[in-house]
Amino acid sequence: MRRRLVAGNWKMHGSRASIQALLGSILAGLGDAGGAECAVCVPYPYLQLVAERLKGTRIAWGAQNVSEHAQGAYTGEVSAAMLAELGCKYALVGHSERRQLYGETDAQVAAKFAAAHGAGLTPILCVGETLAERDAGRTDEVVARQLDAVLAKCGKEAVAKSVVAYEPVWAIGTGRTASPGQAQAVHAFARKRLAPATRILYGGSVKPDNAAAIFAMADVDGGLIGGASLAAEDFLAILRGAGSAG
């Protein structure tokens, strides 16, 4: 059985005080939150704070982005080695907002994946289709293209050591959620292109009331949680959902 992972993506939210309070509440409630692995991906300015607070706990931490460059004149960028030095385990790569708002291409995402993997981080590779692409029947085509760019550059073995997150863009922040069956169908399709043991998370508006049903699907290995991870009780409930799904 693959290990389940629930990762919270806090996006561009929070302050030192609010993050301290949120971490305290999550840590206090972890005892009855099941056995799934847990991680939080936070804005760069708070990585040191999170590292100090979470050291020695069962919660790992990571960044929401990473540069494809190892070093050089790239003002404003943060390298994978810098993140590793801060104790990061994970780095999000190719999140839908990075692809849509900042124009990251499949090739750039693959380069970022390679940089993160090469520095010893575990990339969380995000893939998924827009509403227009789903309505046009292109979901498999889009997911295959995004996966294949990374597979071609880094190989199946490297991707097997990472995490893939399927995030249907049409189900993020819209109030819509893929049904468990829809999520399972895309996860099963993705797994056919990947090594069987690759962990594939679902990242489309997971909430406490749908988490257990989604995580019960055969090819769903956990979740990449957005807004719900900013409320400790919701995030803990989702962790419990992952635990109850086995």
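The values are calculated or read from the model by the stated rules, or taken from the named source; none is laboratory data. Quick caveat: nothing in here was measured; it's all calculated off a predicted structure. Please note: Cβ atoms are built from the backbone with ideal geometry, for glycine as well, and neighbour counts cover all protein chains shown.
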Qualifying residues in the range 207-235 (those that are assigned to a helix (DSSP H, G or I) and of a type in the set (Asp, Glu)) - the one nearest to Ala183 (Cα to Cα): Asp234
The range 190-246, residues that are of a type in the set (Ser, Thr, Tyr) and over 17 Å from the mean Cα position of the chain (by Cα): Ser244
Check on Val40, among the β-branched types (Val, Ile, Thr), buried (at least 21 other Cβ atoms within 10 Å of the Cβ) and touching a residue at least 40 places away in the same chain (Cβ under 8 Å): yes
Residue among Gln100, Gln71, Gln108 that is surrounded by fewer than 23 Cβ atoms within 10 Å (Cβ to Cβ), within 19 Å of Lys11 (Cβ to Cβ) and polar (S, T, N, Q): Gln100
Residues located in the range 1-21, provided they are touching a residue at least 24 places away in the same chain (Cβ under 8 Å) and either within 13 Å of Ser229 (Cα to Cα) or of a type in the set (A, V, I, L, M) (or both): Met1, Leu5, Val6, Ala7, Gly8, Asn9, Trp10, Lys11, Met12, His13, Gly14, Ile19
Checking Ile238 against (1) touching a Lys or Arg at 6+ places or on another chain (Cβ under 6 Å); (2) not in a loop (DSSP other than H, G, I, E, B), the condition it does not meet: (1)
Residues satisfying the stated conditions in the range 130-172, i.e. among the small types (Gly, Ala, Ser) and free of Cβ contacts under 8 Å to residues at least 40 places away in the same chain: Ala132, Ala136, Gly137, Gly155, Ala160, Ala171
Residue that is farthest from Arg4 (Cα to Cα), among those in the range 152-183 that are β-branched (Val, Ile, Thr) and modelled with pLDDT under 95: Thr174
